[in-house]
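Some notes on the structure that comes next.
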Amino acid sequence: MKYLHLILSNLKRKKLRTILTMLSIMIAFTLFGYLAAVRVAFSAGVDVAGVDRLVVRHKVSIIQFLPEKYRDQIERIEGVDSAVFATWFGGIYQKPSNFFGQMPVEPEAFLDMFPEYILDDDEREAWLSTRTGAVVGRVTADRFGFEVGDRIPLQGTVWSKKDGGTTWEFDLVGIYEGAEKGTDTSNFFFRHDYFDEARSYGEGQIGWYWVRVDDPERAAEIAGLIDKEFANSPAETKAEPEGAFVQGFANQIGNIAKILIAILVAVFFTILLVAGNTMAQTVRERISELAVLKAVGFTDRSVLGLVLGESCLLTAVGGLAGLLLAWVLIAVMGDPTSGAFPVFFFRTRDIVIGVALILMMGVAAGLLPALQAQRLRIADALRR
Amino acid sequence: MSTDNGLLVDVKEVDKLFKRGSEEIHVLGGLNLEIPRGEFLALMGPSGSGKSTLLNLIGGLDRPSAGTVTVGGERIDKLSNRRLASWRSRHVGLVFQFYNLLPVLNAARNVELPLLLTHLSAAKRKEHVETALSIVGLSHRMKHHPRQLSGGEQQRVGIARAIVTDPTLLLCDEPTGDLDRKAGDEILELLQTLNKEQGKTIVMVTHDPHAAHCASRTVYLDKGQLSREPVA
C-alpha cells in the first residue's frame, strides 16, 4: 500500500492520456458485459436444461409430427421415467413482431416434468379445471401487461379451427415464475385437449416429446434405445439431451457464441495494444526516474512490480467501470429487444470472467515495459 | 557500516571498460583509491576522464571489469543485484547534478522514497522526512513540487533525499554544476556542514576548482589514472 501513492502519481502524470486509455478499456469491458448478456439470451435454457431430460422429435425435422400414441411406447422403454408432449403453435398476438413461444401441453404431466416453472397452487388448479385455460411466463406477462383473468386472442398461422376460424382465444389462469434466474419465462402454454379437439387437421399428432430418464448418466444410451424403438417406422425419431436440443435451436441463426467471442477478441486485442502502448510510452518517458529509484535502493523486482502495478491499476479502473456500466445498462435499460429475449441478465460467472480478463490485460499490457524497466542499467539510464 | 582501520572506501586495481560495438573503451585502468571515514573528497578531471564512472563504482551503481571495491569492509563488487540494491539503500546517499527529483511527487514525497524500502511506519517516515528537510532548510517547502522550487531548492531536496536514511557515505555528482554561484555556495556550505557536524563521508565529482576548495582533499583523474596534481 505504501507504493500506491507513487503508482497513482505516475498515472496522474499525463492525465489526458490516462483518461483516454481508461475510457478505451471501459468501453471494451462494457461491450464484453453487454455481449455476454446477449449470449446468455441466445443460449437461454442450455445452462438450466434438465440433465435428466431428453427431447424426442421427428428424425427429419422438428416441423414433422410424431404420433401421440408414441408416448406409451416411450414410457415402456427401460430407464424412462415419464414422457410429455408439446406442439409448436406459432400464433400471432396483435402483430407478428410480438413474438413469444406458444405450445399446447398436458398441464399436469407438463408441470411435473418442469419443476423449474413455479405456479401457485390456485393457478395450477385453475389450469387443470379450465379447458381454455393458459399460463404465461413472467417475462411475457410483463412485456404485454397480461394479468390473470385476461382473455388472450392468438391468430393461428399454422393451425386453423374446424370451423375455419384462425382466431384462438385463451383464458389466462396463471403466470409462472422461473426457479432460477436463467429459466426461460417467455413461453405461453395452453391445454392440448382443447387444441386437439378444435384443430382442423393433425388430430392425434404432436410436435415432440420431453422424456425424463431415471439415470442422467444413461441419457445417451436411452436416447439410442428410443430411436431404435421407432426405427423403420413411418415416423422415425431423433432423441437427444435437452441441452443439446436447445443449443441446436439457438444455432439455427448461427453460432452466436463464436460470433460474439470473435468480436470480443478483436476488441480486446485492439485495447491491449492501446494500453500496452500507453505503458510503453510512460516507461520510455521516465527512464531516468526509474534509474533514480534503483539508485536509491529499489530492486529490479520492485521496479518491475511498480510498472506492473501501474498497468493493472490502469486496466482495473477502466475495466471495472466498464463492467459496472454494462451491469447498469443491462439491469436498468433491460432487454434491447423489448422482450424477444427470453432472459437478459449479467451472469455472476461472466462478471468473474470479466474481472479475470481485467487482471490478464493489466499484466499483458504492462509486461514488456515492466521487463524493460527491470533490466535497466542504472549508470546507463542516469546518463540519458 | 563496519570500520576498517578508519578506511571507509578502498578501491584496488580497478579496471572499467565499456564496449561500443566491437570497440573497447578503457575508462579506468588499475586505479587505486583509499578514502578515510569522515573525509570530504573532491574528484576533479576533464570530461570523459572517468570521474562519474568511479563514483558509480563506489556507490554500487555499476561494477568494475576488474579489481575490487570495498566499502565499510564489504566487497560490494561481489554482491548480487538484489543485495547491492539493499546495501545502497542503507549506506549510500546520492546527489545528482540535475537533482533527478520525481516531478510528480512533492518535496516530502521525493525525500520519502528511500524510506519506502524500510519497515518504518508512515508516521515514522514522516518524522524522518521532516528532519531531513529541516536540515537542508526547506521545512516550509514540503508540499511543493519540483517545478515550484528554484534550482538551489531542488538540489536541497535532493540532498535531503540522500541523507534521509542517515547513510555513512554521500556521493555527489557535480552537485553545483547546474546552479548559479550563490545557490552553489549554499549547497557547498550545506555539504561541509554535513561532513563536519554529522560526520558524513563525502565524495564529490566537480569541474569547479572553487567547489573543490570546500573539500578536505582533492584528487585528479585523467585517462583513467589518479594523481594528486591537476594534469596539464
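Laboratory data are not the source of any read-out in this text; all were calculated from the coordinates shown. Just so it is clear, the structure is predicted and the values come from calculations on it, not from any experiment. FYI the Cβ positions are ideal-geometry reconstructions off the backbone, even for glycines, and counts take in every protein chain you see.
Report, in debye and to the nearest 20, how large the dipole of region A:268-384 comes out about its Cα centre when Lys and Arg carry +1 and Asp and Glu carry -1 on their Cβ. Rounded to the nearest 20 debye, it is 440 debye.
Determine the shape class of region B:23-103: with a ≥ b ≥ c the square roots of the Cα gyration tensor eigenvalues, call it rounded for a/c under 1.5, and otherwise prolate if a/b is greater than b/c, oblate otherwise. Rounded, since a/c falls under 1.5.
Counting only other chain Cβ atoms within 10 Å of each residue's Cβ, the peptide B:76-82 averages 1.
Express in nm, to one decimal, how much length is gained between residue A:261 and residue A:197 on full extension, taking 0.36 nm for each residue of separation and deducting their alpha carbon distance.
Result for the pair: 18.3 nm of gain on full extension.
Principal-axis analysis of the Cα atoms of chain B puts helix B:81-91 at an angle of about 60° to the longest axis.
Per-residue Karplus couplings for region A:282-290, computed as 6.51 cos²θ - 1.76 cosθ + 1.60 with θ equal to phi - 60°, are listed in order as 5, 6, 4, 5, 10, 4, 5, 5, 5 Hz, Gly and Pro entered as x. Within the same chain, lysines fewer than 8 places from residue B:124 are excluded, and of the rest, those with a Cα less than 28 Å from its Cα are A:2, A:12, A:294, B:143, B:196, B:200. Other protein chain C-beta atoms within 10 Å of residue C-beta, averaged over A:285-295: 5. With the cut-off at 1.5 for a/c, could you classify region A:118-241 from its C-alpha gyration tensor as rounded, prolate or oblate? Taking the square roots of the gyration eigenvalues as a ≥ b ≥ c, region A:118-241 is oblate. A cut-off under 9 angstrom between Cβ atoms defines the neighbours of residue A:199, and their net charge, with Lys, Arg +1 and Asp, Glu -1, is -1.
Applying 0.36 nm per residue to the separation of residue A:99 and residue A:349 and subtracting their alpha-carbon distance, the gain on full extension is 87.1 nm. For region A:300-310, 3J(HN,Hα) computed residue by residue from phi via the Karplus equation (6.51, -1.76, 1.60; θ = phi - 60°) reads 4, 5, 6, 5, 4, x, 4, 5, 5, x, 5 Hz, glycine and proline entered as x. The residue list A:210, A:170, A:222 was ranked by how far each Cα lies along the charge dipole of region A:166-229 toward its positive end, using unit charges on Cβ atoms, and A:170 comes out on top. For residue B:170, the residues whose amide H sits under 5 Å from its own are B:93, B:201, B:202, B:203, ignoring neighbours fewer than 5 places away on the same chain, with H placed 1.01 Å from N. Projecting the alpha carbon convex hull of region B:93-232 along each direction and taking the average yields 9.2 nm².
Sorted fewest first by neighbouring Cβ atoms within 10 angstrom, B:147, B:37 come out as B:147, B:37. Averaging Cα coordinates gives a centre for region A:176-209 and one for region A:111-152; these two points are 11 Å apart. By other beta-carbon atoms within 10 Å, ranking B:204, A:333, A:113 with the fewest at the front produces A:333, A:113, B:204.
Using r as the Cβ-Cβ distance of residue A:108 and residue A:76, and R0 as 22 Å, what FRET efficiency do you calculate, to the nearest 0.05?
Computed FRET efficiency for residue A:108 and residue A:76: 0.65.
Residues in region B:95-104 carry Karplus couplings, in order, of 10, 10, 4, 9, 6, 6, 7, 7, x, 7 Hz; the curve used is 6.51 cos²θ - 1.76 cosθ + 1.60 with θ = phi - 60°, and Gly or Pro positions show x. Using only side-chain charges placed at the Cβ, +1 for Lys and Arg and -1 for Asp and Glu, the dipole size of chain A relative to its Cα centre rounds to 3700 debye. Distances between placed amide hydrogens fall under 5 Å for residue B:66 paired with B:15, all partners being 5 or more residues away or on another chain.
Around the amide H of residue A:82, modelled in the peptide plane, lie the amide H atoms of A:212, all under 5 Å away and 5 or more residues distant in sequence or on another chain.
Averaged over peptide B:109-115, how many Cβ atoms belonging to another chain are found within 10 Å of each residue's Cβ? Mind dumping the intermediate values first?
Working: counts 3, 1, 0, 3, 6, 5, 3.
Other-chain Cβ atoms within 10 Å of each residue's Cβ, averaged: 3.
Once both labels are positioned 7 Å from their Cα atoms along Cα-to-Cβ, the gap between residue A:167 and residue B:25 label points is 9.7 nm. A Cβ-based charge dipole, computed about the Cα centre of region A:53-253 with Lys and Arg at +1 and Asp and Glu at -1, lands at about 960 debye. Take the Cα radius of gyration of chain A and divide it by 2.2 N^0.38 Å, N being the number of residues; the result is 1.37. Give me the one-decimal nm value for the distance between modelled label points at residue B:17 and residue A:64, 7 Å along each residue's Cα-to-Cβ direction. If labels sit at residue B:17 and residue A:64, their model points lie 8.7 nm apart.
Here B:173, A:112, A:72, B:208 are placed in order of increasing Cβ neighbour count within 10 Å, fewest first, which gives A:72, A:112, B:208, B:173. Taking chain A as a Gaussian network of alpha-carbon nodes connected by springs under 10 Å, the highest mean-square fluctuation of the residues A:117, A:201, A:209 belongs to A:201.
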